[in-house]
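Here is the structure we will look at, set down as structure tokens.
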Amino acid sequence: MNEAVQATVKLDGASYDIAGTLAKPAKPPSGAKALLFETQASDDVKPLALERGLAVLTLDLGKLPDKARAPALRDVVGHLRGALKMKRVLGRAQGSDADAMSGASSAFDGLLLHDASREPAAPTRFIATWGADAYWREKPRVEFASGAPANGRRFYLAGIAASTATATCVAPVNARPSAPALRALFVALDAWTAKGVAPPDSHAPLDADLASSQDLKWPKIPGLPAPLEGARRVPKIDSDGNEIAGLRLPDLALPIATFTGFNAQKDKKAPACAAGAAIPFAATKPDREKNADPRPALVERYGSRAYFVATMRVIADKLVKERLLLPQDADAYVAAARSAPF
């Protein structure tokens, strides 16, 4: 059950009212009480957090000016620790909210941050993620000069774009979900902050894994939008046009399409297309030859649906063993493989 929550934040003589909801786990935790603080309602991590015994507070910071968000987080989390007797508080946010959480990191025990431009200071433990769209937007991501610090891990979700809105996009939209990775990484963060169990090693591009966007050798794929103009550093790609570095979930490790972090705009006057593109492989060699598609067809690369499903099982189980995928999500990838368009 969700309880309504109201908070008032005072800063520089101004007062800001923010509203949200508090969800409590059906079974109270056997040990110390813990809370997950989200700035946007989610259906990916929240159910898992409740199942693991954490309460979940969703509090919208959208009405606060940027400069007020980090102070507001410190104030609210400090109050919650006392009022709700929370021994451990985790945070989850993306974009500008993730930057605010980084600025207020001392209030949290651990943070799961997506597409943040700054990272939390030690000793707060954090897991940072981002997707392919981060390199292809108007202001592209700039990589850190060195690897993650001891209190953090970095995971690049290869071939995944945050937006799946289709209205203004020319090519089929890349709808690969980030949720399976985020669920596994949340479990890792929970164990890291509760029991000191070290999370999996980072899976993020290093300098050698990046190249100038103008130097990428894209296959001549029918219907592939032209990459954005202008020099930028982006992950290298394979012969299919799929990204090589980072965390490759089963549907990229065993792909049925080329997945990009960019698309093309239908109407220049409409809102920008922020989604990636997904250009499916042909089912058979004659199908691809009809369209002059250089990428091997599904039957050419996998032989049969049975082989494809069996291989998907192996890949998914390996990621489960590495704690980068939960068993239920591994099963979902295998189930989806049974419907592959052979």
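Would it be correct to say that residue 267 is acidic (Asp, Glu) and either at pLDDT below 95 or in a strand (DSSP E or B) (or both)?
Details: acidic (Asp, Glu): yes; either at pLDDT below 95 or in a strand (DSSP E or B) (or both): yes.
Yes, satisfied.
If a residue has to be of a type in the set (Asp, Glu) and either outside the structural domain of residue 240 (by TED's automatic domain parsing) or in contact (Cβ under 8 Å) with a residue 24 or more places away in the chain (or both) to count, how many in segment 258-306 make the cut? First the steps, then the outcome.
Step one: filter segment 258-306 for residues of a type in the set (Asp, Glu), giving 267, 287, 289, 293, 300.
From what is left, the residues that are either outside the structural domain of residue 240 (by TED's automatic domain parsing) or in contact (Cβ under 8 Å) with a residue 24 or more places away in the chain (or both) are 267, 293.
Residues meeting the conditions: 2.
When you scan segment 159-177, do you find a residue that is touching a residue at least 12 places away in the same chain (Cβ under 8 Å), crowded, with 24+ Cβ neighbours inside 10 Å and closer than 17 Å to residue 201 by Cα, even just one?
Looking through segment 159-177, none of the residues is touching a residue at least 12 places away in the same chain (Cβ under 8 Å), crowded, with 24+ Cβ neighbours inside 10 Å and closer than 17 Å to residue 201 by Cα.
Return the residue satisfying two criteria in turn: it lies in segment 127-158 and is in a loop (DSSP other than H, G, I, E, B) and either aliphatic (A, V, I, L, M) or on the phi > 0 side of the Ramachandran plot (or both), and of such residues it is surrounded by the fewest Cβ atoms within 10 Å (Cβ to Cβ).
The initial filter retains those residues of segment 127-158 that are in a loop (DSSP other than H, G, I, E, B), namely 132, 137-151, 158.
Those still in the list that are either aliphatic (A, V, I, L, M) or on the phi > 0 side of the Ramachandran plot (or both) too: 132, 142, 145, 148, 150, 158.
Working: 132: 26, 142: 11, 145: 6, 148: 17, 150: 9, 158: 25.
That would be 145.
Name the residues in segment 286-332 that are among the charged types (D, E, K, R), in a helix (DSSP H, G or I) and out of contact with any helix residue (DSSP H, G or I) (no Cβ under 7 Å at 6 or more places or on another chain), would you? Full working, then the answer.
Restricting attention to segment 286-332, the residues satisfying the condition of being among the charged types (D, E, K, R) are 287-290, 293, 295, 300-301, 305, 313, 317-318, 321-323, 329, 331.
Applying the additional criterion that residues be in a helix (DSSP H, G or I) yields 287-290, 300-301, 305, 313, 317-318, 321, 329, 331.
Hits for segment 286-332 are 287, 288, 289, 290, 301, 305, 318, 321, 331.
For segment 132-172, how many residues meet the condition of being modelled with pLDDT under 95, of a type in the set (A, V, I, L, M) and farther than 15 Å from residue 95 by Cα?
Residues that pass the stated criteria total 6.
Which one is modelled with the lowest pLDDT, of the residues in segment 73-93 that are within 26 Å of residue 129 (Cβ to Cβ) and aliphatic (A, V, I, L, M)?
Per the criteria, the residue is 80.
Scan (1) in contact with a Ser or Thr (Cβ under 7 Å, 6 or more places away or on another chain); (2) under 24 Å from residue 273 (Cα atoms) for the single condition residue 213 breaks and write down its number.
Of everything listed in (1) in contact with a Ser or Thr (Cβ under 7 Å, 6 or more places away or on another chain); (2) under 24 Å from residue 273 (Cα atoms), residue 213 misses just condition (1).
Answer yes or no: is there a residue in segment 194-203 that is surrounded by 18 or more Cβ atoms within 10 Å (Cβ to Cβ), more than 22 Å from the chain's Cα centre (by Cα) and either in the same structural domain as residue 87 (by TED's automatic domain parsing) or not hydrophobic (A, V, I, L, M, F, W, C) (or both).
no
Filter segment 211-239 for residues that are more than 25 Å from the chain's Cα centre (by Cα) and among the hydrophobic types (A, V, I, L, M, F, W, C) and give the result.
Selection gives 221 alone.
May I ask you to list pairs of residues, at least six apart or on different chains, whose Cβ atoms are under 8 Å apart, with the first in segment 7-18 being assigned by TED's automatic domain parsing to the domain that holds residue 61 and among the aromatic types (Phe, Trp, Tyr) and the second being at pLDDT below 85 and in a strand (DSSP E or B)?
16/8; 16/9; 16/10
The values are calculated or read from the model by the stated rules, or taken from the named source; none is laboratory data. Computed from a predicted model, the values in this text were never measured in an experiment. As a convention, Cβ positions derive from the backbone with ideal geometry for all residues, glycine included, and neighbour counts pool all protein chains shown.
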